[in-house]
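The values are calculated or read from the model by the stated rules, or taken from the named source; none is laboratory data. Note that the structure is a prediction, hence the values are computed from the model and not measured. Cβ: placed from backbone, ideal geometry, glycine included. Neighbour counts: every protein chain shown. The protein model used for the area step is the full one, side chains on, heavy atoms only, and it has no ligands, DNA or RNA in it. Shrake-Rupley method; radii C 1.70, N 1.55, O 1.52, S 1.80 Å.
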Amino acid sequence: MAILGWNVGRGAALAASLLGMALVLGACGGDNKKSGGGGGGGPSYAPPPTARPTQTGMAVRMDLSGGDGTAGNGGFGGELGIVAAGWAGVGGSAPGVDNNFVTAAALSGNTVTYAELAAISTVAFSLNTTTFTAYIDLFGFDFHIPTGATLDLSDAVAGTVDHVVIRTHGAGDVIRIDGAIVTTRTGAKGASLTLQAIKAAGASVYMGGTATLNGAAGQPGSDISLYSGLGNVVLAGTIASRGSNAATGQDGGDVLLQTDAGNVLIAPGLFQMNGGGGTGTGGNGGLVQFYANSRNQDSNFPWGIQMNGGASGTGYGG
């Protein structure tokens, strides 16, 4: 999934902040004299702050790190894209669900496999055999994985289904994940996943549970996209898409959180996309691109980021 070079439209303001920096300007006292000095009529300034932003105690919100290379180079960290037509920040709540597409029968064992998902409705399911993409298109249904349940896509056959798209089309049709999503599959990269709510307003795509897209042995992490056409994308849970440790470390996956009209809201936490260590060359740290139009409210970046290059053995660090 490419997340570079987005076409975000003309006239949009770029708001990007990867590490917080604070410069405090202010007058000291009423006599406009420099602290500790005598005479002179120039302005005086408060000393710079001694506190610095810290990642201590931050919960890991997202981990896209590359795997270690046990007999070669380390894997690269993944890429994170945040594209908000409105503003980006914290907040958001889970939307209501009134007509879940995922049936009680499918949820009875607390695990919904890809095969079970595809079999719920032949009307909703389609497969593009050219792009190896499976679609679940919902009209008048929400898509909800409740707490304690898991959507497990590991049984999707590699080379037949390498991307799963779940999208709702109605004004009240939302996607809500309170449970878990797993895409990791043995012997192949896991299927990429796209969750789209096209016409629902408010919190239309909500990830409150866990999405695990880590690479199995010898495999890179998979990609995930959360998209809302008219509403907000809310990430209150966690996403992990680590590349596996292998002879040559595997790359972490990519994540895209995008709205065409609403906001991107993410709970505070740490984004990790470190490069993996290697006996040869260490893997490069990942990449973050952050865009917010901020039409009605200032955006902020209250999250921590780690994009460290991997340690090297005989080569150079990432």
### Message
Once you order the gyration tensor axes a ≥ b ≥ c over the Cα atoms, which shape class does segment 197-266 get: rounded for a/c under 1.5, otherwise prolate or oblate by comparing a/b with b/c?
### Response
prolate
### Summary
For segment 94-167, the percent of all C-alpha pairs falling in each 10 Å bin, from 0 up to the bin holding the max distance, is 19, 52, 26, 3
### Summary
Phi angles of segment 304-311, converted by Karplus (6.51 cos²θ - 1.76 cosθ + 1.60, θ = phi - 60°) into ³J(HN,Hα) in whole Hz with x for Gly and Pro, give x, 9, 10, 9, 6, x, x, 5
### Message
Please compute, for the alpha-carbon atoms of segment 109-259, the extent along each of the three principal axes and give them in descending order in Å.
### Response
49, 32, 31
## Note on the structure
Amide H proximity to Leu151 below 5 Å, modelled H, separation 5+ or other chain, gives Val112, Ala180, Ile181, Val182
## Note on the structure
Phi angles of segment 129-146, converted by Karplus (6.51 cos²θ - 1.76 cosθ + 1.60, θ = phi - 60°) into ³J(HN,Hα) in whole Hz with x for Gly and Pro, give 7, 7, 9, 6, 10, 9, 10, 10, 9, 10, 10, x, 10, 8, 10, 9, 10, x
### Message
Given a 1.4 Å probe and heavy atoms of the protein chains only, how would you sort His144, His163, largest accessible area at the top?
### Response
His163, His144
### Task
Could you state how much accessible area Tyr206 has, in square angstrom rounded to the nearest 10, with a 1.4 Å probe and all protein chains kept in place?
30 Å²
### Message
For a protection proxy built on the mean count of beta-carbon atoms within 10 angstrom, sort 214-221, 276-283, 184-191 highest first, please.
### Response
276-283, 214-221, 184-191
## Note on the structure
In whole Hz, the Karplus estimates of ³J(HN,Hα) for segment 185-196 (6.51, -1.76, 1.60; θ = phi - 60°; x where Gly or Pro) are 9, 6, x, 7, 4, x, 5, 6, 9, 10, 10, 10
### Message
Counting just the Cα atoms, what span does segment 143-212 cover along each of its three principal axes? Round to the nearest Å and put the largest first.
### Response
39, 25, 11
### Query
To the nearest 0.05, what FRET efficiency results for Thr210 and Ala46 with a Förster distance of 45 Å applied to their C-beta separation?
0.55
### Task
Would you mind putting 73-79, 243-249 in packing order, based on average other-beta-carbon counts within 10 Å, highest first?
73-79, 243-249
